[in-house]
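Derivation of every value follows stated rules applied to the coordinates shown; laboratory data play no part. Model, not experiment: these values are computed from the prediction. Because the Cβ atoms are built from the backbone with ideal geometry, glycine has one as well, and the counts that use them run over all protein chains shown.
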Amino acid sequence: MSRRRARRRREQGGIHYPRWYWPSFASPAIVWLIVFFLLPLYTVVSIAFGTVDPIFRTPLPVWQPWWWTSSHLLEGLDKTFGLFRQVYVRTFWYVLLSSAICLVLGYAVAYYVARHSGRRRTLLLVLLISPFWISYLMRMLAWVNLLERDGYVNRILTFLHLVPESVGWLEGRGITVILGLVYGYIPYMILPLYAFLDRIDVSVLESGRDLGANPLSTFLRVTLPLSRPAILAGLVIVTLPMFGDYFTNTMLSGSPSTTMVGNLIDDSINTPGQGPEAAVLILILMIMLIIPIMYYLRSTARAAQIR
């Protein structure tokens, strides 16, 4: 124990800090999360186990746990594995394809910017960040204008005789929703990948080449394994909001054939008397998303122990 304390003092420059010193820096964020996360979460739980006003059909949260009722929870679970099962399967499929496309395209862009952009690196980074300067609503409206029956996409396709007539891209097509999700969330994939790839020591890559590995083998055996934490971080950042996204599908499709879980929650919130059902759907979605989060935390903890 004494050796460990001595080593810790040497790392801190010989200065002794109380045990509470460094954790105190995290206290404002902890208080913020308690106030603005745990309290709203408890409100959602109280609504899920609460009741509905018989006259105005508004949700009535029940704050005392001993008065909670499970009728709305059982009804929501029954719909999840019955009426809404196809919606959940579709959501997983859309998110899986969108995340895979984001990963492939984002990794290629991040690798180029980190390794081969040269003097253009600053310009490329500005271009990557520029979508955040524009409202998500405006970007989706731009897609609507491009994909309309008389939009530029159909004009180009018909001019090149690639399609015999205009395609109804906004008429309940899953591929449109998937591409819209990719367009909306791919910057969140590129930035963490770039930040990690830029920190990989070039000497590590050069040592692989010195041992006789070609560029492809060096990438597969050195760069890709080293960038695994960044890949997991990018997937978590991208997939979590995709599962709750409802706006992209509403703007680019609005058809029941492409309904996602986020649309179910949005419809339940805006339907009188369905407030508890919306809260139950939110809790089910949160429990489902805990699984990838726990896997990510476990992977990062293992990587930290190896280091």
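Can you sort TYR17, TYR111 by how many other beta carbons sit within 10 Å, fewest first?
With the fewest neighbours first, TYR17, TYR111 line up as TYR17, TYR111.
By the scheme Lys and Arg +1, Asp and Glu -1, what is the net charge of all other residues having a beta-carbon under 10 Å from that of ALA278?
-3
Provide ASP150, ASP266, ASP78 in ascending order of the number of other Cβ atoms located within 10 Å of each residue's Cβ, fewest first.
ASP150, ASP78, ASP266
So which GluC sites (Glu not before Pro) in the range 129-201 are both in a DSSP loop and have at most 10 other Cβ atoms within 10 Å of their Cβ?
Passing sites in the range 129-201 are GLU165.
Could you please rank THR176, THR250, THR43, placing first whichever residue has the fewest other Cβ atoms within 10 Å of its Cβ?
Sorted ascending by nearby Cβ count, the order is THR43, THR250, THR176.
Ignoring everything except DSSP H segments at least 4 long, calculate the 222 nm mean residue ellipticity for the chain; use -39,500 (n - 2.57) per segment, divide by total residues, nearest 500.
Calculated at 222 nm, the ellipticity per residue is -21500 deg cm²/dmol.
Return the ratio Rg/(2.2 N^0.38 Å) for the range 82-211, where Rg is computed over Cα atoms only.
After normalising by residue count via 2.2 N^0.38 Å, the value is 1.37.
Which shape class, rounded, prolate or oblate, goes with the range 158-289 when its Cα gyration tensor gives a ≥ b ≥ c as root eigenvalues, a/c under 1.5 marks rounded, and past that a/b bigger than b/c marks prolate?
Note, shape of the range 158-289 comes out oblate.
One-quarter of the Cα convex hull surface for the chain, in nm²?
Mean projected area for the chain: 25.1 nm², to one decimal.
Given axes a ≥ b ≥ c from the Cα gyration tensor, I'd like to know whether the range 236-296 is rounded (a/c under 1.5), prolate (a/b larger than b/c) or oblate.
The shape class here is oblate.
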